[in-house]
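Trainee: Take this structure, written in structure tokens, and hold onto it; I'll ask about it next.
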Amino acid sequence: VAVMAAPVESSGWFPALAIAVSLLKCLFINAYHSTDFEVHRNWLAITHSLPISRWYYENTSEWTLDYPPLFAWFEYGLSQAAVHFDRGMLVVENLNYASPATILFQRLSVVFADLVFIYAVKECCTTVREEKAAKDLLRRPCFVLAVLLLWNFGLFIVDHIHFQYNGFLFGFLLLSVARHLQARHLEGALWFSIVLNLKHINLYVAPAYGIYLLRCFCFTQDNTDGSLRWRSFSPVRLVSLGAVVLSVTAASFGPFVAMGQLPQVLSRLFPFKRGLCHAYWAPNFWALYNVLDKALSMLGVRLGLLDVAGLPKASMTGGLVQEFQHAVLPSVSPPTALLCTLLAMLPALWCVWRRPCGGRGFLRCLVQCALASFMFSWHVHEKAVLLAVLPLSILAVESRRDAGIFLMLATTGHYSLFPLLFTPAEFPIKVLLMLLFTIYSFSALRNLFSGEGSLLHPLEALYLLGLVAVEVLCEVVFPLSPWQQTLPFVPLLVTSVYCALGVSYSFVRLYVSLLTQEVTEKTKRL
Amino acid sequence: METCTLVSMSILLGVLVRWGVSFNSYSGAGKPPMFGDYEAQRHWQEVTYNLPIQEWYFNTTDNDLNYWGLDYPPLTAFHSLLCAHVAKLINPEWVKLLGSRGYESPAHKLFMRATVLAADLLVYIPAVVLYCCYLTNGSTNKKVGTLLCILLYPGLILIDYGHFQYNGLSLGLTLWGVLGLGLGWDALGSLAFSLALNYKQMELYHALPFFCYLLGKCARQGLTGRGLFSLVKIAVTVLVTFALCWLPFLSDPEQALQVLRRIFPVARGLFEDKVANAWCSLNVLIKIRSILSSDSQFYLSFAVTLLAITPSSLKLLKTPTFWQFKLALVNSSLAFFLFSYQVHEKSILLAALMLPLLLKDGLLMPYAVTSLAFLVLSTHLLSALERCTEAQLRLEGYRRLAAWLPAWLFLSQFYSSLVLMVGLSVASVALPPPAGLPDLFPVLVSTFSFLHFLGTFIYFNIVQLSTPQGKQKTL
């Protein structure tokens, strides 16, 4: 929080925020890192030491390359710099190689890759609409947005402690969003194609892009009542859009298609052998589904309706869940999950097709798609909640209703990331950083919308306070209790289910706000 | 934004940075047989827990004074005892008599770092918050800016959470003392400062201003009547505090003498290692250490220090205002640092000077990060250099002086000093010293810093002595 003493340096606050958070990231170089660190080291080694034809076949390490080829090229680029730090990390056989130089290089690479994110945030800040220019810097929406994005808790701990390159990836995504908000659609499509080819999780939001671009870019004009003018279809635009997307995809997949390795690459990218849920259940619909199933089965056994021996012996907890059999409720398969996801996205896509409402309508649809995918997809990681939280920040600084939903989703989503940092040394970090971000987001958003009533309903506030209780229970009380040995999965279960309630609630509220907006638009027109 | 939100966020950020620095290496990590300050603190826990009080400061078979013997006053020993009790609960291996020498483990490091954080949270941080909220003038934003700058001061963070020490405790107690004096609660302030003195004898650097200010204030109130009453109250508070702290050692005069011998090692020579004070810098030109005998070195430094602090103390006696008090704190601590006996570079808590020490401890990255952050932050938060001099410099008399050069000097001097500092830092790390001068970089750093400190000392003496009688400068 850089407090400006003089309004003269009105543009100096952004670099100060960016530099401050980057320096803070450097302090945690020696903190705990997860197996994702070894994953990326392995990919550095694979891309550096092996020919392209072996990249997607290599499996000396269990962490095989499972991101699209453009990310492999990115790792290849990094490996050229890695040579100057420690050649040992580039040897494929050096499993779990983590010399100080390796750690330093990898951590710094994340910090530098975040430059893309910083640039994207700067662009997003320029698109923020300010009704009245507030004199106090702290009260300006663009400042609040910059802090909410640059100092985002989830991004910080997932990228710089747990270790991933999400900042880099979200940079491209947010840049494409900013371009769409600035009505530079082709450029936006370009950035999105790039990020799609960097990490295919962005397929979650591809429908939003597809429908919106088709509706607003390929059809150049609307009728006076806002509905689609079919005549205004522009094939030129469609072709140029297609060219952009295809050229990026060709640059990424081209070499592999040429070598006939496409099936192998796809099988690496979409490993459906993994179970419905990760070992730690992401707080989505399926977590609630699982718990309901378990509860019903226990109830059934208690009431004598079910036979204990007949129940499938699925382990809900430890390790990588391979197959998950539900006892009472129907089991879920990948196609079912996909269907549910598409059904959940459909209303949002329909809304954006019918009445786009410009760039912000698109953004809303994007958030909905991201959240819908988080709620219903197959094998979702809890980190995927960031795909919804980060774009929602842009909406949150402009509308009171969105701010309330953002507070709910962000706080719950961020809390659900706590189990990622389970070591005692990192405990103060996650608590301090979470408190810092939460206090700031509540306080800043409340200040932004100070005249318009409170942002949260008392029950919502109560729920969020309950997170503190859950935290104390799971990390302080439970480890000291006798059940620690017999039921070790309980803290994860409780966290997952409690957060799932919050996330589901935010999902529903977002939809309600989207649809009621639609209705008010209709009644205005009538 | 409301004050309490901004203040709580500043505190959270300060604690976060401290904990982040604590991930890095500590003094003497993995370096047998002596290790470093970290091992010293652990050893004191071992000694105070296992041995009876009478043996703490004496050389016995169980307590080898050559292996990090206790050389701080009794309050440090009691603090170590408290930590040792907690350590015993978690893992008795950590304080096993003679068996735990050189004990190093991630869990133990976590415990030790946590003790430093606990001390800071209980003593230092509340004092800083209260000081910034109640004893600084200006808008909320300015107060929070000052708070953030003080909390993020790299020197203290790096020494306490990197190298490993408990300076936060003694400085915090001193700050409580200043707070008490500033709010008019003289007895409580003296109580706090007496505790600080009994924690680290280094706080003697601040003792004279406290004494002169309180004496002057009582004299103002009239030495017969109210003034005398206040004087007696303060004296009784101080004496009782000292008595309580030294109680176990007062039964036998030999005990008390031994403690004094340990905390004031007069046989060790004018200075050790490269320190940015007058004697070390003088030694570059004239080899004092070899010319004078040990005793005459002691008397020389005593005389010069006394000479250096006399003007400031006399002025404070004559005009005992809070502003004068703060200036005197600066001057006194600088005078002691520059001219007194056996000064360690830690006494200045200056990051730039700490460079050789930090490199030895493997703390280069946190040093670079915290120093850069501090610079960036302070240049943004404190628009006018002059406005910050008082609040910052009062704090413990040790500052990154180049940043706070007085406004009447050319601004370019600030930037050129900064450039030189960065250059020296980079050179110390990157370049090997020339063959004939192996100590070139530490000597350059300490001489450079010494010149800055001397300049600051002179400047602040001028400021203090020239402040007119009636001027009530509040800050």
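Trainee: Please state which of the following conditions B:Leu181 fails to meet, knowing it meets all the rest: (1) closer than 18 Å to B:Phe322 by Cβ; (2) open to solvent by 10 Å² or more (accessible area, probe 1.4 Å); (3) in contact (Cβ under 8 Å) with a residue 24 or more places away in the chain.
Mentor: (2)
Trainee: Would you check which residues across the stretch B:98-131 are in a helix (DSSP H, G or I) and in contact (Cβ under 8 Å) with a residue 60 or more places away in the chain and list them?
Mentor: If the condition is that a residue be in a helix (DSSP H, G or I) and in contact (Cβ under 8 Å) with a residue 60 or more places away in the chain, then B:His108, B:Lys109, B:Met112, B:Arg113, B:Val116, B:Leu117, B:Asp120, B:Leu121, B:Ile125, B:Val129 are the ones that fit.
Trainee: Suppose the filter is in contact with a Ser or Thr (Cβ under 6 Å, 6 or more places away or on another chain), of a type outside the set (Asp, Glu) and open to solvent by 10 Å² or more (accessible area, probe 1.4 Å); does A:Thr249 pass it?
Mentor: Taking the combined requirement at face value, the residue does not satisfy it.
Trainee: Sticking with this one: Give me the helices (runs of 4 or more DSSP H) completely within the stretch A:1-111, filtered to those with at least 2 residues that are away from chain B (no Cβ under 14 Å) and modelled with pLDDT of 90 or more, ordered by residue number.
Mentor: Values: elements: A:13-27, A:35-49, A:69-82.
Here the list reads A:35-49, A:69-82.
Trainee: Got a number for residues in the stretch A:377-436 being within 24 Å of A:Pro458 (Cα to Cα) and within 14 Å of chain B (Cβ to nearest Cβ)?
Mentor: Here the count works out to 4.
Trainee: When the stretch B:41-74 is examined, which residues are found to be free of Cβ contacts under 8 Å to residues at least 60 places away in the same chain, of a type outside the set (Asp, Glu) and either within 27 Å of A:Pro100 (Cα to Cα) or not in a helix (DSSP H, G or I) (or both)?
Mentor: B:Leu51, B:Pro52, B:Trp56, B:Asn59, B:Thr60, B:Thr61, B:Asn63, B:Asn66, B:Tyr67, B:Trp68 - these are the residues of the stretch B:41-74 that are free of Cβ contacts under 8 Å to residues at least 60 places away in the same chain, of a type outside the set (Asp, Glu) and either within 27 Å of A:Pro100 (Cα to Cα) or not in a helix (DSSP H, G or I) (or both).
Trainee: Is one or more of the residues making up the stretch B:24-37 under 29 Å from B:Leu247 (Cβ atoms), modelled with pLDDT of 90 or more and either among the hydroxyl-bearing types (Ser, Thr, Tyr) or open to solvent by 10 Å² or more (accessible area, probe 1.4 Å) (or both)?
Mentor: The first filter runs over the stretch B:24-37 and keeps only residues under 29 Å from B:Leu247 (Cβ atoms), leaving B:37.
So of that shortlist, the ones also modelled with pLDDT of 90 or more come out as none.
The answer is no; no qualifying residue exists.
Trainee: Going residue by residue through the stretch A:446-463, is there one that turns out to be in a helix (DSSP H, G or I), within 11 Å of chain B (Cβ to nearest Cβ) and within 24 Å of the chain's Cα centre (by Cα)?
Mentor: no
Trainee: For the stretch A:197-307, please list each of the helices (runs of 4 or more DSSP H) lying entirely inside it that holds at least 1 residues being under 21 Å from the mean Cα position of the chain (by Cα) and within 25 Å of A:Cys369 (Cα to Cα).
Mentor: In the stretch A:197-307, the matching helices (runs of 4 or more DSSP H) lie at A:206-212, A:262-269, A:285-302.
Trainee: Of the residues in the stretch B:75-97, how many are open to solvent by less than 30 Å² (accessible area, probe 1.4 Å) and free of Cβ contacts under 8 Å to residues at least 60 places away in the same chain?
Mentor: So the answer is 7.
Trainee: In addition: Is at least one residue of the stretch B:51-70 over 25 Å from B:Leu156 (Cα atoms), among the hydrophobic types (A, V, I, L, M, F, W, C), more than 14 Å from every other protein chain (Cβ to nearest Cβ) and in contact with an Asp or Glu (Cβ under 8 Å, 6 or more places away or on another chain)?
Mentor: yes
Trainee: Answer yes or no: is there a residue in the stretch B:189-202 that is in contact (Cβ under 8 Å) with a residue 40 or more places away in the chain, closer than 30 Å to A:Leu27 by Cβ and not in a loop (DSSP other than H, G, I, E, B).
Mentor: yes
Trainee: Tell me, which residue of the stretch B:113-137 that is open to solvent by 50 Å² or more (accessible area, probe 1.4 Å) and either hydroxyl-bearing (Ser, Thr, Tyr) or farther than 24 Å from B:Phe78 by Cβ (or both) is modelled with the highest pLDDT?
Mentor: For the stretch B:113-137, the residue satisfying everything is B:Leu130.
Trainee: Another question, then. Spot the failing condition for A:Phe478; the list is (1) open to solvent by less than 40 Å² (accessible area, probe 1.4 Å); (2) under 26 Å from the mean Cα position of the chain (by Cα); (3) not polar (S, T, N, Q), and only one is missed.
Mentor: (2)
Trainee: May I ask you to say which residue of B:Ser170, B:Ser190 is at pLDDT 90 or above and surrounded by 23 or more Cβ atoms within 10 Å (Cβ to Cβ)?
Mentor: B:Ser190
Trainee: Further, regarding this structure: Could you pull out the residue among B:Val7, B:Val21 that is open to solvent by 10 Å² or more (accessible area, probe 1.4 Å), in contact (Cβ under 8 Å) with a residue 40 or more places away in the chain and within 14 Å of chain A (Cβ to nearest Cβ)?
Mentor: That would be B:Val7, the only listed residue that is open to solvent by 10 Å² or more (accessible area, probe 1.4 Å), in contact (Cβ under 8 Å) with a residue 40 or more places away in the chain and within 14 Å of chain A (Cβ to nearest Cβ).
The values are calculated or read from the model by the stated rules, or taken from the named source; none is laboratory data. All values derive from a computational prediction rather than experimental measurement. Positions of Cβ are backbone-derived with ideal geometry, glycine not excepted, and every protein chain shown enters the neighbour counts. Only protein heavy atoms, including side chains, enter the accessible area calculation; ligands, DNA and RNA are left aside. Shrake-Rupley method; radii C 1.70, N 1.55, O 1.52, S 1.80 Å.
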